[in-house]
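The values are calculated or read from the model by the stated rules, or taken from the named source; none is laboratory data. What you see is a predicted model; the values in this text were computed from it and never measured. Cβ: placed from backbone, ideal geometry, glycine included. Neighbour counts: every protein chain shown. The accessibility values were calculated without ligands, DNA or RNA, using every heavy atom of the protein model including side chains. Shrake-Rupley method; radii C 1.70, N 1.55, O 1.52, S 1.80 Å.
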Amino acid sequence: MTDKPLFLFGTLQHEPLYAAVAGTALTAQSADLADHAVRHAVDAHSDVQVFPLCVAQPGQVTKGLLVRPDAAARARLDAYEQLFDYVPSAIRVATGSGMVEALIYQAHPGRFSAGEGWSLDRWAAKHGALTTDIAADVMDLLREASPAQVRHHFSMLAARVASRRRAKATPPEATLRRASHPDDVKIARYHAPYTWFFGVEEADMQYRRFDGTLSDPINRAGFVMADAVTVMPYDPVRDTVMLVEQFRFGPYVRGDQNPWLLEPIAGRIDAGEAPEEAARRESVEEAHLEMRAMHKVGQYYVSPGAVSEYLFSYIGIADLPDSVQGVHGLASENENIRSHVIPFDRLMALIDSGEVSNGPLIITAQWLALNRERLRGGV
């Protein structure tokens, strides 16, 4: 069965993605699958996926590509498709030289339902480059982990790759600090001993000193995390803010006697998501709040000495009567998040007393202190 060619109908027709997954260039011939159509996959929660299904539909023809990968490439393709619960299934396709027995990657029965029609060109324009970068990291990880293990952490891995792309696409302002150049950092050895919920990366390296010389060889390690957002809801009519409270493992392992922290709403930016979109989504998930307007506080590293996490912080304008307080969060992520609506003045008092010890919340509160009268004026 593994000697049969593969019929590609979806994202693997994108040449860069195929090369990243299979480890070899895409060489293919055109083929048609009769009485089938390509549709968006829709999961059990009614979430539309960016990748497609090929479903039976009388009278329709699915145009695709027929490839004949060697054993190594076939194993890589199989492992990648297993991440999404797709497995090979036997079909017959039409080629210019006649009918051919082939295999097609199809989802496990019941895993997805069919949504609207799917377009390779639209997918490639919006998702192709990011998906290809994610696939490159996934294939490296699959050398030492099973598809099931990678699937469990796929969304976090994808978010980290998206963060790396976002960083590379951000213009590096340098009006006071030195301008950087590609040869300013020399890497002698690079090692990633852990890459699951977060990553740990280590390097033997040299960096450019201010006098233009390279430093002595040094070893550095860092925690690699996805970009994230924070948003503090503010009601300019009532002059109140919403804080959320939850258990945090970081303070716990530090030995903090009370690891329940007062914070802004926060969460990671998913792959393919813009920061403000993430902030609005997290507001609904953690506090059941729809924001009327969003004001950007800033974007910044939290602890750049060893942590890659980069935050986008916002003030969200919302109605905050006492009735919006409650306990929320996603059960699927074991979240247990309590919300508090308090006057602005009490927030500042909590910062002064030390009961608020969350850095992004302090930064956001200080921004609000500077802009509060403007927001209360309806600007």
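Give the residues of the range 149-179 that are free of Cβ contacts under 8 Å to residues at least 24 places away in the same chain and closer than 22 Å to residue 22 by Cβ, sorted by residue number.
Filtering the range 149-179 down to residues free of Cβ contacts under 8 Å to residues at least 24 places away in the same chain leaves 149, 152, 168-177, 179.
Result: 149, single match.
Give the residues of the range 152-183 that are touching a Leu at 6+ places or on another chain (Cβ under 9 Å) and in a helix (DSSP H, G or I), sorted by residue number.
Just the residues of the range 152-183 that are touching a Leu at 6+ places or on another chain (Cβ under 9 Å), to begin with: 153-154, 157-158, 161-162, 165.
Once the filter is applied, which keeps residues that are touching a Leu at 6+ places or on another chain (Cβ under 9 Å) and in a helix (DSSP H, G or I), the range 152-183 yields 154, 157, 158, 161, 162, 165.
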Can you name the number of the only condition in (1) in contact with a Ser or Thr (Cβ under 7 Å, 6 or more places away or on another chain); (2) exposed (fewer than 14 other Cβ atoms within 10 Å of the Cβ) that residue 266 fails? (2)
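Listed here are the residues, each with its yes/no results for (1) at positive phi; (2) among the acidic types (Asp, Glu); (3) touching a strand residue (DSSP E or B) at 6+ places or on another chain (Cβ under 7 Å).
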| position | (1), (2), (3) |
| --- | --- |
| 196 | no, no, no |
| 199 | no, no, yes |
| 204 | no, yes, yes |
| 207 | no, no, yes |
| 213 | no, no, no |
| 218 | no, no, yes |
| 221 | no, no, yes |
| 226 | no, no, yes |
| 231 | no, no, yes |
Take the residues in the range 327-379 that are among the small types (Gly, Ala, Ser) and in contact with a strand residue (DSSP E or B) (Cβ under 6 Å, 6 or more places away or on another chain), then tell me which one is modelled with the highest pLDDT. 339
Residue list for the range 27-52, filter: on the phi > 0 side of the Ramachandran plot and either crowded, with 20+ Cβ neighbours inside 10 Å or among the small types (Gly, Ala, Ser) (or both): 46
How do the strands (runs of 3 or more DSSP E) wholly within the range 248-326 filter down when requiring 1 or more residues that are hydroxyl-bearing (Ser, Thr, Tyr) and farther than 15 Å from residue 235 by Cβ: which remain? 293-301, 310-317
Working only within the range 99-108, note down all residues that are modelled with pLDDT under 95 and surrounded by fewer than 15 Cβ atoms within 10 Å (Cβ to Cβ). 108
Of all residues in the range 352-368 being over 23 Å from residue 228 (Cβ atoms) and of a type in the set (Gly, Ala, Ser), the one that is most open to solvent (accessible area, probe 1.4 Å): 353
I'm told residue 316 meets every condition in (1) of a type outside the set (Phe, Trp, Tyr); (2) out of contact with any Pro (no Cβ under 6 Å at 6 or more places or on another chain); (3) over 21 Å from residue 159 (Cβ atoms) except one. Can you identify the failing condition by its number? (2)
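Inspect the range 321-332 for any residue being of a type in the set (Ser, Thr, Tyr), over 30 Å from residue 129 (Cβ atoms) and open to solvent by 30 Å² or more (accessible area, probe 1.4 Å) and give the result as yes or no.
The answer is yes, given that some residue of the range 321-332 is of a type in the set (Ser, Thr, Tyr), over 30 Å from residue 129 (Cβ atoms) and open to solvent by 30 Å² or more (accessible area, probe 1.4 Å).
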Can you tell me which residue among 24, 11 is open to solvent by 40 Å² or more (accessible area, probe 1.4 Å), among the polar types (S, T, N, Q) and within 27 Å of the chain's Cα centre (by Cα)? 24
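Hey, could you check the range 180-199 for residues that are in contact (Cβ under 8 Å) with a residue 40 or more places away in the chain and surrounded by 14 or more Cβ atoms within 10 Å (Cβ to Cβ) and say which is farthest from residue 268 (Cα to Cα)? So that I can check it myself, show each step before the final result.
Narrowing the range 180-199 to residues in contact (Cβ under 8 Å) with a residue 40 or more places away in the chain: 195-198.
Restricting the remaining residues to those that are surrounded by 14 or more Cβ atoms within 10 Å (Cβ to Cβ) gives 195-196, 198.
Numbers: 195: 16, 196: 15, 198: 12 Å.
Filtering first and then ranking leaves 195.
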Can you tell me which residues in the range 62-77 are farther than 13 Å from residue 7 by Cα and open to solvent by 20 Å² or more (accessible area, probe 1.4 Å)? 70, 71, 72, 75, 76
Sort through 274, 278, 306, 318 and tell me the only one that's without any contact (Cβ under 8 Å) to a residue 40 or more places away in the chain and either open to solvent by 40 Å² or more (accessible area, probe 1.4 Å) or out of contact with any His (no Cβ under 8 Å at 6 or more places or on another chain) (or both). 274
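So, of the residues in the range 207-232 that are part of a strand (DSSP E or B) and of a type in the set (D, E, K, R), which turns out to be most open to solvent (accessible area, probe 1.4 Å)?
220
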